Amino acid sequence: MATKHEILSEIDANFPQYLNFLQTLIRAASPSPPGDTTEAASVVLDFLSSHGISADTVAPQSHMPNIVTDFDGGDKSGPRVVLNGHIDTYPVENPDKWKYGGPYSGHNDEVQIHGRGGVDMKAGTAASIIAYILLKKRAQKLKGSVALTVVSDEETGGKWGTRYLLEQGGKASPWRGDCVINGEPGGLQSIRFGEKGTLRLTFTVRTKGGNGAFRQLSRGANIVAAQLIQRLLEIESMTPHLPEELRKHFDNPEVRLAADEIMGPGTAEILLATTVNVGTIRGGLKVNVIPEECVFEADIRLPIGLLAEEVLDHIFSILKDFPEASVSKQEAASNPANYCSVDHPFAKHIADTTEGITGRRPVQLAGLGGTDCKFYRYLGIPAYVIGPSPHSMGASGEAVDIPEFKALIKIHTLAIWNYLGGET
């Protein structure tokens, strides 16, 4: 009879094989942009095939394939759980700064597996794939069904990845499910039930140009832009309209402590704050010329309870003082804040399982960055993130802890096993 103890024993026995799979997946470079994940997708397909599992490829963009597969339990009447993860990664800016043969080495130093994407999020995706294999092997013991979606295009918006899968077929899409687990980096001390939104804007300032010596003729586009940027910081004083139950949750000292522990001091405050960051700035031909045009981009992070429309209204009021400036919204990169219930039965199973594996009960947190879980939550589908520590995510020298990866496989597998009525 299949039990969770038998599953844990199988994970322990086969862990070297699972570790090799993660290393191979990291070595299949898939930086986004440009977003070509064909090699990584082949690694996934080969691994599934080696365990007797066939999968379909859905590729609205040929270089961005999505791998999907599913199975029914012995009793089909239960809920449908979706395992969701992406295989595209951040690009690499400084390849010479990496040890162990470069950014895609997959090197095992017996403590960590090194390489771009190990943390975000190939370890989490690999854990979900392995969990799917272990669960399908025991399908007859489960009540409900399980789907696996291994997607591309997460790093650049999800239009051709998770979002595409959910939109095709509408409510009948087999990849929607009743609840979702995702292995994005967040730390095993937390379960992410929501995340801040993004509002990406492009500002263009146009003024009269000229020689730098004739300052009396024009302030210059860059000067106007600098003054506008300073005014945009007013947005950070805007407060969200947070539901009372969520405000009480985020005020819990245990939640605040976990947020600061995982993501750094001050995180508990930032979770409920609006933040403004100005990224690329383009303006000016040379130092002694008054520039006619300056273009800059702003990344505004919206806490739960604050709508983009409220922020835009404030920005439009600011722009009344800057007739030289205009603004446009980057629609594809702008998404509302989102969250789901902290009390869903599946969330409780994830928490119980994690506590049993790690000895510490995770707290429910919202994420600072975006994940594909937002697309499920927009549809009213509860989606929860539990993955490895985010500490080296996107950095030169990105590496995932081996014990965390092993624990993550167990958590993803047993959380679904228990939720779908597997034998204990």
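The values are calculated or read from the model by the stated rules, or taken from the named source; none is laboratory data. On a predicted model such as this, the values are computed, not experimentally measured, just so you know. Reconstructed Cβ throughout: ideal geometry from the backbone, glycine too, with neighbour counts over all protein chains shown.
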Taking the condition of a type in the set (A, V, I, L, M), under 30 Å from His107 (Cβ atoms) and within 15 Å of the chain's Cα centre (by Cα), does Val385 pass? yes
Test Tyr376 against the criterion of being under 28 Å from Gly170 (Cβ atoms), assigned to a helix (DSSP H, G or I) and hydroxyl-bearing (Ser, Thr, Tyr), and give yes or no. yes
Mind listing just one residue for me: the one in region 359-372 that is crowded, with 20+ Cβ neighbours inside 10 Å and farther than 21 Å from Glu245 by Cα and, of those, nearest to the chain's Cα centre (by Cα)? Thr371
Of the numbered conditions (1) of a type outside the set (Lys, Arg); (2) over 30 Å from Ala225 (Cβ atoms); (3) at pLDDT 95 or above, Asp299 satisfies every one except a single condition; which is it? (2)
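This table checks each residue for (1) assigned by TED's automatic domain parsing to the domain that holds Leu319; (2) more than 22 Å from the chain's Cα centre (by Cα); (3) over 20 Å from Leu48 (Cα atoms).
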position	(1), (2), (3)
Thr125	no, no, no
Ser152	no, no, no
Lys171	no, yes, yes
Leu188	no, no, yes
Which of the residues that make up region 28-49 are touching a helix residue (DSSP H, G or I) at 6+ places or on another chain (Cβ under 9 Å), assigned to a helix (DSSP H, G or I) and either surrounded by 19 or more Cβ atoms within 10 Å (Cβ to Cβ) or of a type in the set (A, V, I, L, M) (or both)? Ala40, Val43, Val44, Phe47, Leu48
Among the candidates Gly85, Gly106, Gly52, Gly101, single out the residue that is touching a helix residue (DSSP H, G or I) at 6+ places or on another chain (Cβ under 7 Å) and part of a loop (DSSP other than H, G, I, E, B). Gly106
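Rundown of residues vs (1) polar (S, T, N, Q); (2) modelled with pLDDT of 95 or more, yes/no style:
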| site | (1), (2) |
| --- | --- |
| Asn94 | yes, no |
| Lys99 | no, no |
| Ile113 | no, yes |
| Leu134 | no, yes |
| Val146 | no, yes |
Taking the conditions exactly as written (of a type in the set (Gly, Ala, Ser), at negative phi, part of a helix (DSSP H, G or I) and surrounded by fewer than 23 Cβ atoms within 10 Å (Cβ to Cβ)), does Gly356 satisfy them or not? yes
From the list Phe375, Phe346, pick out the single residue that is crowded, with 20+ Cβ neighbours inside 10 Å and more than 23 Å from Leu302 (Cβ to Cβ). Phe346
So Ala268 clears everything in (1) out of contact with any strand residue (DSSP E or B) (no Cβ under 9 Å at 6 or more places or on another chain); (2) surrounded by fewer than 13 Cβ atoms within 10 Å (Cβ to Cβ); (3) part of a helix (DSSP H, G or I) except one condition, right? Which one? (2)
Of all the residues that make up region 291-317, how many are crowded, with 16+ Cβ neighbours inside 10 Å and assigned to a strand (DSSP E or B)? 9
Could you grab me the full set of residues in region 320-340 that are in contact (Cβ under 8 Å) with a residue 40 or more places away in the chain and under 12 Å from Arg206 (Cα atoms)? Phe322, Glu324, Ala325, Ser326, Val327
Taking the condition of a type outside the set (Ser, Thr, Tyr) and free of Cβ contacts under 8 Å to residues at least 60 places away in the same chain, does Gly35 pass? no
Just to be sure before I move on: is Pro91 more than 27 Å from Pro403 (Cα to Cα) and part of a loop (DSSP other than H, G, I, E, B) in the structure I sent? no
Here are the criteria: (1) in contact (Cβ under 8 Å) with a residue 60 or more places away in the chain; (2) within 20 Å of Leu408 (Cβ to Cβ). Tell me which single one Val43 does not satisfy. (1)
Only one of these is closer than 30 Å to Ala332 by Cβ and surrounded by fewer than 19 Cβ atoms within 10 Å (Cβ to Cβ): Met238, Met263. Name it. Met238
Of the conditions (1) over 20 Å from Phe375 (Cβ atoms); (2) in a loop (DSSP other than H, G, I, E, B), Ala13 fails just one. Which one is it? (2)
Scan region 130-170 for residues that are outside any loop (DSSP other than H, G, I, E, B) and of a type in the set (Gly, Ala, Ser) and report the count. 6
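Please state which one of Pro403, Pro323 is surrounded by fewer than 16 Cβ atoms within 10 Å (Cβ to Cβ) and part of a loop (DSSP other than H, G, I, E, B). Spell out the reasoning first.
Working: Pro403 fails: part of a loop (DSSP other than H, G, I, E, B).
Pro323 is the lone residue from the list that is surrounded by fewer than 16 Cβ atoms within 10 Å (Cβ to Cβ) and part of a loop (DSSP other than H, G, I, E, B).
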Can you find a residue in region 170-182 that is closer than 26 Å to Arg27 by Cβ and of a type outside the set (Asp, Glu)? yes
Options Ala347, Ala298: the member that is in the same structural domain as Lys374 (by TED's automatic domain parsing) and under 21 Å from the mean Cα position of the chain (by Cα): Ala347
State whether the residues of region 60-69 include one that is crowded, with 20+ Cβ neighbours inside 10 Å, in the same structural domain as Asp401 (by TED's automatic domain parsing), touching a residue at least 60 places away in the same chain (Cβ under 8 Å) and out of contact with any Leu (no Cβ under 8 Å at 6 or more places or on another chain). yes
